Ligand SMILES: Cc1cc2nc3c(=O)[nH]c(=O)nc-3n(C[C@H](O)[C@H](O)[C@H](O)COP(=O)(O)O)c2cc1C
């Protein structure tokens, strides 16, 4: 069976995100892949209502879907997207992070939570790879959460990110066409995607720029000071994206590097096992809340102060 690759963008028509995505997809097509591409701006995607009926259903062993399935285009897109071997996302950076059009789309994926659905036997496991392109007018300084924001949306549908590009300093429409190196890099991303798909699953690894980012595990460029977690685990420094834990160490040439400690990948969010620890957390925290009738009683009483209080709106 041929390789299926899908491109998803949320940028302006015929502009930077679309162009870089198309260049990557051209490489995939040249390698014989069957290519599909959409721009989310052409679709109606409603915001997640936050009802969590999807995950409540899953916790009872059922795949109930999303309450919005019949109301917009999300399901139509996901039916195709989840049938791919690889997906390339190319998204403009707005306010340091991925644009809201993309985030609204991505945050509607809770009802497709692969780890949950596989656990209850509702779906079969499928290994997919992803490539990410963030496109902004500025340098890394003003795109500080762009790729990281996209990476954070990959876990729900179990997409293994094998390459990422931060396209910088392309504010004008189609301005990326003045940067041949960038176009070549996008083509290379497409080639890397095909290479990853053709590699046996257990051997698939990072194919992007070797020195990209702080985190040797997920290549994000974002670290945070660790704080005690729900189960007491406390790393000095954590990767903001995958949750790897460790510390900063000075190299011989005087630079800082993030070194992951021995148990630092216990909660690696890029793996099903790592995410399972989060399911445990949800079970204890949210489950604990629902299970104890006393909690509901306390909340029921205390909430009156807020339900009855209103302020002037607009
Ligand atoms: C509302 C808005 C916010 C933006 N914020 C940022 C930003 O924080 N950082 C940045 O590098 N570029 C920012 N930009 C510039 C866009 O990322 C840039 O124009 C990019 O080329 C858009 O991609 P497109 O051509 O595919 O639409 C912003 C643009 C808009 C419209």
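The values are calculated or read from the model by the stated rules, or taken from the named source; none is laboratory data. Since the model is a prediction, treat every value here as computed from it, not as a measurement. Note that each Cβ is placed from the backbone with ideal geometry, even for glycine, and that neighbours are counted across all protein chains shown.
Are any of the residues in the stretch 8-28 buried (at least 18 other Cβ atoms within 10 Å of the Cβ) and more than 25 Å from residue 179 (Cα to Cα)? No, that holds for no residue.
From the list 35, 64, the lone residue that is away from the ligand (no atom under 13 Å from the Cβ) and outside any loop (DSSP other than H, G, I, E, B) is 35.
Determine if the stretch 103-124 includes at least one residue that is outside any strand (DSSP E or B) and within 11 Å of the ligand (Cβ to nearest atom).
Just the residues of the stretch 103-124 that are outside any strand (DSSP E or B), to begin with: 103-124.
This time we only want the ones that are within 11 Å of the ligand (Cβ to nearest atom), so: none.
Checking the stretch 103-124: not a single residue is outside any strand (DSSP E or B) and within 11 Å of the ligand (Cβ to nearest atom).
Please pick out the residue among 165, 194 that is in a strand (DSSP E or B), crowded, with 19+ Cβ neighbours inside 10 Å and either more than 21 Å from the chain's Cα centre (by Cα) or in the same structural domain as residue 112 (by TED's automatic domain parsing) (or both). Write out each step before concluding.
Values: 194 fails: in a strand (DSSP E or B).
None of the other options fit; the residue is 165.
Restricting attention to the stretch 197-229, the residues that are in the same structural domain as residue 24 (by TED's automatic domain parsing) and either in a helix (DSSP H, G or I) or within 16 Å of the ligand (Cβ to nearest atom) (or both) add up to 5. A single entry from 144, 90 fulfils the requirement of being under 18 Å from the mean Cα position of the chain (by Cα), modelled with pLDDT of 95 or more and buried (at least 22 other Cβ atoms within 10 Å of the Cβ): 90.
Whether any residue in the stretch 1-14 is free of Cβ contacts under 8 Å to residues at least 24 places away in the same chain and part of a loop (DSSP other than H, G, I, E, B) is what I want to check. Spell out the reasoning first.
Within the stretch 1-14, the subset free of Cβ contacts under 8 Å to residues at least 24 places away in the same chain is 1.
This time we only want the ones that are part of a loop (DSSP other than H, G, I, E, B), so: 1.
Yes, the stretch 1-14 has at least one match.
The sole residue among 113, 148 that is assigned by TED's automatic domain parsing to the domain that holds residue 77 and within 30 Å of residue 175 (Cα to Cα) is 148.
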